[in-house]
Amino acid sequence: LIFVNLFLFIFSGAAYSGQINKEEVAPLFYQGNQFYQEAKFDQAVLTYEKIISGGWENSYIYFNLGNAYFKTGSLAEVVLNYERARFLNPLDSDISSNYNYVLSLLVDAGSARVLYASPVIRIINKVFFPFNLDAILVFLSIACGIFLIGFALKFYLPDYRRAWSIIITVAGLLFLLGFVAAKEKLRFINRAAVVIVKDVEAKFEPITSATAYFSLKEGALLEVLESSSDWYKIRRADSKIGWINKNSIRKINGNDISDPRGL
């Protein structure tokens with residue numbers, strides 16, 4: 001498994017939302033790398049997790065954390081952290097290569113790596129997959145700017161009204177597509193989860209004694225629809241819906257939810 005270097009990490013711009021100071025992040029990342037190189041994989045995991053729990057994240061932290069988990073044999077945790085890394089950096093070839101490799105080691109985990117969506121939405125998601133959420137937001141800003149400028153110039157330059165009408169239409173369509181793509185990215189990061197146990201049964205009701213509806217394998221990707229006590233209502237890519245125990249999965253965003261239906 002390929003290990004990214006410290007230089008890329010420092011200049012990639014880690015996102016901040018917590019307690020560890022910026023000056024502490026690079027030394028901790030370097031320490032995690034050292035533990036990995038010394039084959040102290042459990043300590044490497046703890047060090048990378050410390051950075052994340054301190055409020056810092058980027059694709060390189062999650063990628064290296066996934067690599068360290070791979071060495072400990074925790075394949076579901078590998079998939080989980082590679083999913084997080086891919087969300088932040090979809091075009092990274094090292095992440096994609098390692099991600100596909102670990103999926104090949106898990107039974108049925110790679111069968112459906114998307115959330116349930118209509119055929120049109122799936123096409124839009126596929127087109128915008130190479131872009132992370134930040135890039136899509138920039139795309140939306142540009143499309144919106146072109147639309148507004150074109151709308152204004154359509155009246156100030158009447159001789160070119162037809163041309164500006166075409167530009168406005170195209171910009172409006174691109175904005176709409178980008179908006180749908182951004183919403184889908186947010187749905188993924190807020191609702192997607194990975195099965196972390198070898199095998200789990202999804203039931204018809206959030207009750208231990210309820211009848212099993214279907215089963216999910218370690219590393220499988222699914223969508224969390226809502227939460228009730230110790231249970232999650234989940235949906236597979238094929239639209240089947242069931243209830244599973246919360247301890248069976250981990251959310252991509254690392255947060256619990258009570259009712260995400262408004263997203």
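The values are calculated or read from the model by the stated rules, or taken from the named source; none is laboratory data. Note that this is a predicted model, so its numbers are computed, not measured. Neighbour counts are summed over all protein chains in view; Cβ atoms, including those assigned to glycine, are modelled from backbone coordinates with ideal geometry. Ligands, DNA and RNA are stripped out before the accessible areas are found, and what is left, the full protein with its side chains, is counted by its heavy atoms. Shrake-Rupley method; radii C 1.70, N 1.55, O 1.52, S 1.80 Å.
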Over the Cα atoms of the range 30-116 the radius of gyration and the largest Cα-Cα distance (Dmax), both in Å, equal 12.7, 42
For the charge dipole of the range 81-200, defined by +1 on Lys and Arg C-beta atoms and -1 on Asp and Glu C-beta atoms about the Cα centroid, which residue among Leu105, Ile196, Phe128 has the Cα displaced farthest towards the positive pole? Phe128
Give me the percent of accessible area attributable to carbon and sulfur for the range 185-251, probe 1.4 angstrom. 47
Relative to the first principal axis of the alpha-carbon coordinates of the chain, what is the inclination of helix 75-88, with its axis defined by its Cα atoms, in degrees from 0 to 90 and to the nearest 10? 20
Sorting Ser141, Val224, Val170 by the position of each Cα along the dipole of the range 139-242 (Lys, Arg +1; Asp, Glu -1; all at Cβ), the one nearest the positive end of that ordering is Val170
Ser53 versus Lys240: modelled label distance in nm, points set 7 Å from Cα along the beta carbon direction: 3.6
Entries in Lys50/Lys71; Lys50/Lys217; Lys185/Lys233 that, when Cα-Cα distance is taken, lie over 24 Å: Lys50/Lys217
Rounded to the nearest 0.05, what FRET efficiency do Leu173 and Glu226 have when you use their Cβ-Cβ distance and R0 = 41 Å? 0.75
In debye to the nearest 20, how big a dipole does the chain give about its Cα centre with +1 on each Lys and Arg Cβ and -1 on each Asp and Glu Cβ? 860
In percent, what relative contact order does the chain have, based on Cα pairs under 8 Å that are 6 or more apart in sequence? 16
The range 181-250-the range 34-71 distance, computed between alpha-carbon centres (Å): 26
Between 0 and 90 degrees, rounded to the nearest ten: what's the tilt of helix 22-37 against the longest Cα principal axis of the chain? 50
Could you sort the peptides 49-55, 217-223 by per-residue average Cβ neighbour count (10 Å cutoff), highest mean leading? 217-223, 49-55
Quick calc: nm separation of the 7 Å Cα→Cβ label points for Lys71 and Gln43 -> 1.1
Around Tyr69: net Lys/Arg minus Asp/Glu count, Cβ-Cβ under 14 Å: -1
For the Cα atoms of the chain, what angle does the longest principal axis make with the long axis of helix 119-128, in degrees from 0 to 90, nearest 10? 90
Can you work out the accessible area per residue across the chain, with the rest of the protein chains kept in place, probe 1.4 Å, in square angstrom? 53
7 Å from Cα along Cα→Cβ at both Leu91 and Leu148: what's the point-to-point distance in nm? 2.7
Excluding ligands, DNA and RNA, the carbon-plus-sulfur percentage of the accessible area of the range 99-143 with a 1.4 Å probe reads 69
So what are the ³J(HN,Hα) numbers for the range 92-99, from phi and the Karplus equation (6.51, -1.76, 1.60; θ = phi - 60°), rounded to whole Hz, Gly and Pro as x? 5, 5, 5, 4, 4, 5, 5, 4
Please compute the alpha carbon radius of gyration of the range 108-263, then divide it by the globular-protein estimate 2.2 N^0.38 Å. Two decimals is fine. 1.38
